[in-house]
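Below is one structure, written out as structure tokens, with a few remarks after it.
The values are calculated or read from the model by the stated rules, or taken from the named source; none is laboratory data. A quick note: this is a predicted structure, and the numbers were derived from the prediction, not measured. Don't worry about glycine lacking a Cβ; one is built from the backbone with ideal geometry, like all the others, and counts go over all protein chains shown. Remember, those area values only see protein heavy atoms, side chains included, never the ligands or the DNA or RNA. Shrake-Rupley method; radii C 1.70, N 1.55, O 1.52, S 1.80 Å.
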Amino acid sequence: MSRRTRLIILGLSLIVLISIGRIVSESFHFIIKDFWFTSGVLLLILLSLIDQPHFSKDSNIFINGVTAFISLLLVENEFRNVIFWTFLTISLYLIISSYVIMWITGKSVLYENKFIKFFSRINREIGRPQTLFSLFFLWGAINEYGVNSGGFSALMIYWAVFMIINIPTIALHIDKLFEKQEISYQRNALGKIFGVQSKNIFLIKLFPERKVTSKIFDFVEFVYSVDEKHLIRRGLLLDTYLLNEQQWIKVLSTNEINQIFENHNNLNQHISDIVYKVENVPENDTLKRLIGIVTENSTIQKIKFVYNSKNIIKEGYLFEVNIGGTAVYYQIIDGVTKIEHLENKNETSFIVGEAVQLGVWDSEKSKFDIYGWVPEINSPLYLASSIKEDRLEEQELKIGQIPNTNFPVIINKELALTHHTAIVGVTGTGKSIFSRNLIREFMKDENIKVICIDFTGEYKNKFVDLKPVDIVDTSKMQGIYDDIEWICNELEKFGNQQNKAELANREKRIKTLLSESLTTFVQNEQSRLSIIELPEVSNTAGILEYTRYLFKELFNLAKNKINHNKRICVVLEEAHTIVPEWNFVGISEKSAQPLLNSIAQIALQGRKHNVGLVVIAQRTANVSKTILTQCNTIISFQQFDKTSSEFLSNYFGEGIAKIIPTLKFRQAIIAGKALKSNIPMVFEVPEIYEETNENAYK
């Protein structure tokens with residue numbers, strides 16, 4: 001019931017009551033001396049119409065009791081009979097009992113014990129103004145005029161009309177009549193503001209008789225009565241639903257939306273809290289960029305949002321949200337459908353998305369910096385705008401960009417090499433082509449030598465233009481394999497049965513040949529790439545022994561500065577075969593563990609001597625964790641096994657790691673020291689054309 005309607009009904013009721021009193025008493029003396037009039041005014045003004053039109057609380061009952069007690073003191077002595085003392089007792093009971101109930105309880109009656117609940121509800125029935133002051137009003141009228149008098153009949157009719165007619169309901173209909181009159185000349189009026197959520201979301205109850213239709217993503221305008229100044233707000237219709245057999249809409253109003261309509265007015269006159277549809281909308285890109293609004297349970301690192309958009313969004317997409325005047329960027333990692341149950345079996349469905357913070361974009365350094373706060377609830381989210389691409393610094397490499405944007409993903413090639421890099425992903429995700437392209441980028445630095453240990457047999461064909469060479473002459477390679485196989489067989493014998501002299505002789509021969517071959521390769525200015533294709537693809541002690549000898553001589557060379565300050569990149573393709581986790585080796589733990597420890601120890605020391613690793617594997621589960629944990633940069637394409645996801649979540653965080661199984665072709669997650677932004681993110685690898693392949697992967 002509006003204030004205006006209350007005042008109108010109050011005035012009319014009071015005028016009628018005074019008119020009846022003047023007619024039956026033939027004067028106005030009753031206003032100051034008759035108890036029935038006092039009761040009628042209290043019934044109309046203080047309680048039924050103004051203070052408690054629908055229900056009474058314990059505090060209301062206390063006030064009603066006090067008011068009743070005071071009003072009874074006006075009764076003259078000649079009328080203080082049994083009924084008077086009964087009313088006085090009831091008033092005192094209401095005062096004392098309601099005060100005690102308020103003193104001992106602090107909860108809703110619904111949750112109190114049954115005794116408190118009983119007395120409270122009894123009091124609310126007896127002490128409500130329609131009951132208490134109706135009795136006073138009728139008793140006063142009888143005392144003054146008698147039951148059979150015309151005066152009592154007139155007052156009785158007044159009381160009956162007042163009690164029978166539901167004043168609050170009548171008031172609602174009066175409000176609607178005025179509402180119709182006010183909006184009848186404004187055909188764009190949609191409805192009236194009913195509530196506000198977190199400053200910028202308005203709940204609107206639509207007019208049943210509105211002359212204009214509305215749909216989601218229509219623009220509206222209104223003047224909110226709470227605003228200190230008569231400001232015209234603009235908003236966007238986000239949602240519609242049915243509640244209590246009435247239609248409702250949800251409107252988002254922000255500074256960004258208001259700026260669209262700067263110096264643009266649709267209506268010359270606005271009624272406060274009435275919402276109008278905007279027909280002439282200036283050109284803008286709000287609907288092309290809007291994704292939704294921030295919802296509850298958001299944190300600094302990860303926010304949740306309600307999807308409200310015409311745009312189709314996907315995992316990995318980038319959006320921005322304004323926090324304290326700063327654009328902060330987030331990357332989508334998940335989405336879930338939800339249903340909210342309304343009244344009368346009505347439902348509304350929506351999608352809640354999740355996104356992790358990348359931070360504030362530093363255009364001068366081309367990197368993201370973490371922002372240390374959370375956006376306000378219901379803040380709008382917009383697809384990231386394009387940025388001006390910056391020039392790369394020396395040793396920087398753009399390996400891709402964030403999906404659906406031109407935000408670059410940049411790594412430092414030197415850090416990627418010296419601090420080791422791991423590239424993992426199942427076959428067919430773009431991992432191999434990306435890895436080979438990264439190797440080509442490394443080789444643009446003339447001080448870098450690359451040694452690829454390859455089981456796939458693809459590298460020689462893919463790098464034919466770089467004229468790869470064999471570290472060990474082909475004719476001598478078989479001799480090394482034969483010596484290693486003999487050594488492995490000999491070591492399986494008991495110690496007293498081993499030919500120690502021959503073991504030492506063959507080991508010396510292997511080391512000498514590998515050392516001389518590696519020295520020749522490193523010092524040869526014409527040869528910068530070597531590809532070693534091992535003869536078997538199974539995990540055997542022989543392969544591990546060969547790898548151990550190769551690594552050991554390579555790092556001895558680097559340690560002794562025989563590499564002439566050349567940096568060496570060792571690429572381990574199908575790394576699970578070369579440096580496997582011991583339980584995937586295929587031989588006994590007793591034989592495998594010393595070999596793996598030896599290789600891992602060499603890898604740990606490599607960065608100190610300008611030797612770096614690029615570990616390429618399909619799964620992290622069957623690659624030595626000692627090696628992987630030394631890779632300070634991890635790039636993961638799609639993987640499905642739980643073990644890999646759990647391991648990678650330590651690098652990426654659980655939120656972003658859970659999308660590894662759903663990454664698209666040419667999409668990957670990167671994190672680590674070499675990444676310029678140093679924040680885990682999803683990125684998209686560009687189309688790469690290999691020299692020996694006419695087709696790019698797409």
- [ ] Give, as ranges by residue number, the residues of the stretch 607-631 whose backbone N falls under 16 Å from the point 7 Å along Cα→Cβ of S649.
- [x] 620-621
TODO: Among P403, F455, S475, pick out the residue whose Cα is farthest towards the positive end of the charge dipole of the stretch 374-476, where Lys and Arg carry +1 and Asp and Glu carry -1 on C-beta, about the Cα centre.
DONE: S475
Task: Listed residues L203, L417 arranged by accessible area, highest first, probe 1.4 Å - done: L203, L417
Task: Förster radius 25 Å - calculated FRET efficiency between F350 and D641 (Cβ-Cβ, nearest 0.05) - done: 0.15
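Give a quick list of trypsin sites (Lys or Arg not before Pro) in the stretch 360-399 that DSSP marks as loop, anything other than H, G, I, E or B, with at most 11 other Cβ atoms within 10 Å. List each step's numbers first, then the result.
Details: sites: K365, K367, K388, R391, K398; in loops: K365, K388, R391.
Passing both the DSSP loop test and the Cβ count: K388, R391.
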Task: Euclidean distance of C-alpha centroids, the stretch 273-317 and the stretch 403-430, integer Å - done: 32 Å
- [ ] Pop a pseudo-label 7 angstrom from the Cα along the beta-carbon direction at both D482 and V161 and give the gap in nm to one decimal.
- [x] 12.5 nm
- [ ] Among S253, F207, F217, flag the residue with its Cα farthest along the positive direction of the charge dipole of the stretch 206-272, charges on Cβ as +1 for Lys/Arg and -1 for Asp/Glu.
- [x] F207
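Just to verify a number: FRET efficiency for Y241 and F118, C-beta to C-beta distance, R0 = 41 Å, to 0.05?
Details: r = 39 Å, r/R0 = 0.96.
The pair Y241/F118 has a calculated efficiency of 0.55.
What order do K467, K500, K413 take when sorted by accessible area (1.4 Å probe), most exposed first?
Numbers: K467 155, K500 120, K413 35 Å².
The residues order as K467, K500, K413, largest area first.
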Task: Exposure rank, largest accessible area first [R436, R506, R187, R80; 1.4 Å] - done: R187, R80, R506, R436
Open item on the list: Suppose each label sits 7 Å from its Cα in the direction of the beta carbon; what would the K625-N461 distance come out to in nanometres?
Closed with: 3.7 nm
Task: Taking the convex hull of Cα positions in the stretch 428-500, its mean projected area over all directions (nm²) - done: 8.1 nm²
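What is the calculated FRET efficiency for S385 to K673, with r their C-beta to C-beta distance and R₀ = 35 Å, to the nearest 0.05? Can you show the working numbers first?
Numbers: r = 29 Å, r/R0 = 0.84.
Result of the calculation: an efficiency of 0.75.
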